[in-house]
1. Need pairs with beta-carbon distance below 6 Å; first residue in contact (Cβ under 8 Å) with a residue 40 or more places away in the chain and closer than 15 Å to residue 120 by Cα and within the stretch 43-70, second surrounded by fewer than 22 Cβ atoms within 10 Å (Cβ to Cβ) and among the acidic types (Asp, Glu); sequence gap 6+ or separate chains.
2. Of everything in the stretch 63-98, what is at pLDDT 95 or above and among the basic types (Lys, Arg)? Give them in sequence order.
3. As an exercise: evaluate residue 149 against (1) closer than 26 Å to residue 16 by Cβ; (2) of a type in the set (A, V, I, L, M, F, W, C); (3) at pLDDT 95 or above and give the number of the one condition it does not meet.
4. May I ask you to list the residues in the stretch 5-61 that are in a loop (DSSP other than H, G, I, E, B) and small (Gly, Ala, Ser)?
5. Would you be able to say whether some residue in the stretch 70-91 is closer than 24 Å to residue 4 by Cα, touching a strand residue (DSSP E or B) at 6+ places or on another chain (Cβ under 7 Å) and of a type in the set (Ser, Thr, Tyr)?
6. Going through the stretch 132-149 one residue at a time, which ones are part of a helix (DSSP H, G or I) and either touching a Gly at 6+ places or on another chain (Cβ under 7 Å) or under 21 Å from residue 8 (Cα atoms) (or both)?
7. Filter the stretch 126-137 down to the residues that are within 12 Å of the chain's Cα centre (by Cα) and modelled with pLDDT under 95 and list them by number.
8. For the subset of the stretch 118-150 comprising residues that are charged (D, E, K, R) and in contact with a strand residue (DSSP E or B) (Cβ under 9 Å, 6 or more places away or on another chain), which member is nearest to residue 65 (Cα to Cα)?
Amino acid sequence: MTEGDLLPDATLHTPDGGSLRLAELARPLVLYFYPKDDTPGCTAQACSLRDANAELIAKGAGVLGVSTQGVVSHQKFSWKYKLNFPLLADTDGTVGRAYGVLGGDGLVNKLKTAAGLADRVTFLIDEKGIITHILDKPDTDQHAEEVLALL
C-alpha cells in the first residue's frame, strides 16, 4: 500500500462477535495494525490513542486497531486498559496481507507471519477511502501526537 491508494475492502471480526466491512466506513479513519495484544509496545500505542481519542473524534476521525489475535484476546486487552475504540480480529491474516503488514520476503518476515505478528503500521484514511498517510515506524508512546499532527 502507498499513500494515495484506495482503502482495500476487508471484513474483520468485531469484539461483539459481529463483522465490519472497512469500505462501509465513510469518515476519516486511523487504522492501525499492531503485533500482539497486551505487549509493552502495543499497550503503549493503544493507550496513547485511547488518551487522545476525544481529540481524534473532534477532528472527525475514528480509530480501529487490527491484529491477528482473536476476539476474546481483544476483549480482554480492551477491558484491561479501558480502550475506547474497537480492536478488530484478522485471525487468518487476510487483511494484514492485503495491507502489506503481514507476509513478505525474507526469513524474518516469514517467521513473523508464521507467528501471526503483523508489522506495526498506521494508515490514515480520508472520508473518500483514500490512504493519505502511512506511519510505518510509529512512536508507540507518542503515537496519538503523530497522528493528530497529520489530521
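The values are calculated or read from the model by the stated rules, or taken from the named source; none is laboratory data. Quick caveat, the model's predicted, so the values are computed rather than measured. With ideal geometry, Cβ positions are generated from the backbone for all residues, glycine too; neighbour counts draw on all protein chains shown.
1. 44/141
2. Across the stretch 63-98, the qualifying residues are 76, 80, 82.
3. So the condition that residue 149 fails would be (1).
4. 10, 17, 18, 26, 52, 60, 61
5. Looking for residues that are closer than 24 Å to residue 4 by Cα, touching a strand residue (DSSP E or B) at 6+ places or on another chain (Cβ under 7 Å) and of a type in the set (Ser, Thr, Tyr), one finds none in the stretch 70-91, hence no.
6. 147
7. Scanning the stretch 126-137 gives a single hit, 136.
8. By that ranking, first place goes to 120.
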